[in-house]
Amino acid sequence: MRTRTGAKKEAQRDYHAAFQAVQAILLKHWNPLGIKAKPGALNGYEPYVSQVVFLAKTGASAADIAGHLAHLESTQLALPKKAPGRPARCKKSGRAVTDHFTELNLRPIEIRRATLKDRKIWAAMRFELWPEAGLKNLSAEVPALLKRRRFHAWIAMDGGLPMGFAEAFVREFANGCERQPVAFLEGIWVQKSHRRKGVGRALLKHVEAWALRQGLKELGSDAYVGDRLSHRSHLGWGFDETEKVVYFRKKLG
């Protein structure tokens, strides 16, 4: 029987091994600055290695990782937007990372972009989050949502079974946010059997990465006043509570 300390040490060893592997992959296939360093040695890419490890372990696709690396080049490394060889090296690096984690069976959470093929399972999960809207209406909205340039959605899968989803939209403004426009978390939901296992946080990381690629600096969200579970989740994900609003209505005529 493993002790809590033993499990923690094992997790640390696993993370260190994953970090070393990704560091070597990025140094070999990505390395936009042309740094000459031996695998395992400090090379300046360490902060980005941690990000890629997290994306890979939470089911990011090769394309997602490639997009993240391209974003890092233009923002964190201040390289030209059309730097020579960028698409090829980012694509190759993304594929190498996902192949490595797949071979070692280290990708327990698969998170991918939602498509029209996911309509049935996606609508069912949307209904769990917004039952008052009705399953038929929530399903009917899907095609139009996917056509909106400022909309994006993700689905979390476990062995081919859906376990959660997240939706985000670029709004012109959002209460409590200072920047305009702003990314907004329109909805996030996780199956009860998979809660408190990092699925919500993993979905949110994909939302954040997408928002950053749009050049956005803030992510807004909301929750019903009485939904304490959602409040705790948001705080745990790093959100700050900004304001509470009570809506009123008066019928006329």
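Candidates in the range 75-106 are the residues that are among the small types (Gly, Ala, Ser) and crowded, with 16+ Cβ neighbours inside 10 Å; of these, the one that is farthest from Trp210 (Cα to Cα) is Ala96. Filtering Arg228, Arg195 for residues that are among the basic types (Lys, Arg) and surrounded by 13 or more Cβ atoms within 10 Å (Cβ to Cβ) leaves a single hit, Arg195.
Looking across the range 35-80, just one residue is outside any loop (DSSP other than H, G, I, E, B), polar (S, T, N, Q) and touching a residue at least 60 places away in the same chain (Cβ under 8 Å), and that is Thr75.
Annotation: Gly160 fulfils all but one of (1) modelled with pLDDT of 95 or more; (2) farther than 23 Å from Gly220 by Cβ; the unmet one is (1). The single condition among (1) without any contact (Cβ under 8 Å) to a residue 60 or more places away in the chain; (2) not assigned by TED's automatic domain parsing to the domain that holds Ile25 that Gly85 does not satisfy is (2). Does at least one position in the range 109-121 carry a residue that is surrounded by 14 or more Cβ atoms within 10 Å (Cβ to Cβ), more than 20 Å from Ala168 (Cβ to Cβ) and either at pLDDT below 85 or outside the structural domain of Ser193 (by TED's automatic domain parsing) (or both)? Within the range 109-121 (the criterion being surrounded by 14 or more Cβ atoms within 10 Å (Cβ to Cβ), more than 20 Å from Ala168 (Cβ to Cβ) and either at pLDDT below 85 or outside the structural domain of Ser193 (by TED's automatic domain parsing) (or both)), the answer is no, since none of the residues qualifies. Does the range 201-214 include one or more residues that are over 15 Å from the mean Cα position of the chain (by Cα) and part of a loop (DSSP other than H, G, I, E, B)? No, the range 201-214 contains no residue that is over 15 Å from the mean Cα position of the chain (by Cα) and part of a loop (DSSP other than H, G, I, E, B).
Evaluating Ser230 against the criteria (1) touching a residue at least 24 places away in the same chain (Cβ under 8 Å); (2) assigned to a helix (DSSP H, G or I); (3) among the hydroxyl-bearing types (Ser, Thr, Tyr) leaves one unmet condition, (1). Among the residues of the range 88-99, those that are touching a residue at least 60 places away in the same chain (Cβ under 8 Å) and either more than 17 Å from Gln20 (Cα to Cα) or not assigned by TED's automatic domain parsing to the domain that holds Gln23 (or both) comprise Arg89, Cys90, Lys92. If you go through the range 167-180 and keep only what is modelled with pLDDT under 95 and in contact with a Lys or Arg (Cβ under 6 Å, 6 or more places away or on another chain), you end up with just Arg179. The lone criterion from (1) part of a loop (DSSP other than H, G, I, E, B); (2) modelled with pLDDT under 70 left unmet by Pro32 is number (2).
Number of residues in the range 123-149 that are exposed (fewer than 14 other Cβ atoms within 10 Å of the Cβ), farther than 21 Å from Val190 by Cβ and either modelled with pLDDT of 95 or more or in contact with a Leu (Cβ under 7 Å, 6 or more places away or on another chain) (or both) equals 8.
Please specify each residue of the range 133-163 satisfying the condition of being charged (D, E, K, R) and closer than 13 Å to Lys120 by Cβ. Quick ask: steps written out before the conclusion?
As a first pass, look at the range 133-163 and keep what is charged (D, E, K, R): 136, 141, 147-150, 158.
The one that is charged (D, E, K, R) and closer than 13 Å to Lys120 by Cβ: Lys136.
Filtering the range 27-55 to residues that are in contact with a helix residue (DSSP H, G or I) (Cβ under 6 Å, 6 or more places away or on another chain) and of a type in the set (A, V, I, L, M, F, W, C) leaves Trp30, Val49, Val52, Val53, Leu55.
The values are calculated or read from the model by the stated rules, or taken from the named source; none is laboratory data. Computed from a prediction, not measured in an experiment: that's the story for all the values here. Here the Cβ is made from the backbone with ideal geometry for all residues, glycine too, and neighbour counts use every protein chain on show.
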